[in-house]
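Working notes, structure below.
Just so it is clear, none of the values below were taken in a lab; they were calculated from the coordinates. Fair warning: this is a prediction, and the values are worked out from it, not measured in the lab. Heads up, the Cβs are rebuilt from the backbone with ideal geometry, glycines too, and the neighbour counts pull from every protein chain shown.
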């Protein structure tokens with residue numbers, strides 16, 4: 001039940017790599033039931049976004065659906081951005097491009113790039129800290145000779161040792 005004078009907000013929920021807007025279904029339901037507006041876009045080649053992985057040439061291409069949401073806001077609209085995991089990089093990019101459209105940003109276990117901590121640095125640091133993933137295999141192409149540039153997206157094959165260690169941490 002809404003309290004008198006309580007302002008309702010527009011939340012934009014940004015998923016991490018390997019997910020889609022669907023991953024926010026519980027939080028989105030709770031926020032909507034409290035009367036807030038919620039948008040949970042699927043970033044490029046994620047969720048039900050129709051873009052194919054082989055069509056993404058840069059991290060900007062991956063972020064584009066969020067930028068379209070931000071650009072579509074009315075002139076006086078402000079949102080609360082919430083990013084999880086790699087969604088933090090998307091939130092940071094939106095904050096730089098649309099500072100006048102954001103009332104707050106929340107980084108929920110998310111990467112937070114900055115002037116000396118770029119997306120490239122984040123990728124390098126991530127690679128250093130993944131000993132348990134050393135025997136994983138990643139593909140960044142469709143099996144043809146048309147190879148894709150390395151990025152945080154792609155098919156993967158995780159060995160049983162990685163899966164069992166992940167389950168122990170949960």
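What number, in nm² with one decimal, is the all-direction average of the projected area of the convex hull of the alpha-carbon atoms of region 38-80?
Average of the hull's projected areas for region 38-80 equals 3.4 nm².
Just need log10 I(q)/I(0) for region 1-111 at q = 0.12, 0.18, 0.22 Å⁻¹, Debye formula, equal scatterers on the alpha-carbon atoms, no solvent, rounded to two decimals.
Values, matching the q order: -0.40, -0.87, -1.24.
For residue 116 and residue 67, what is the calculated FRET efficiency with R₀ set at 30 Å and r taken between the beta-carbons, to the nearest 0.05?
Plugging the Cβ-Cβ distance into 1/(1 + (r/R0)^6) gives 0.80.
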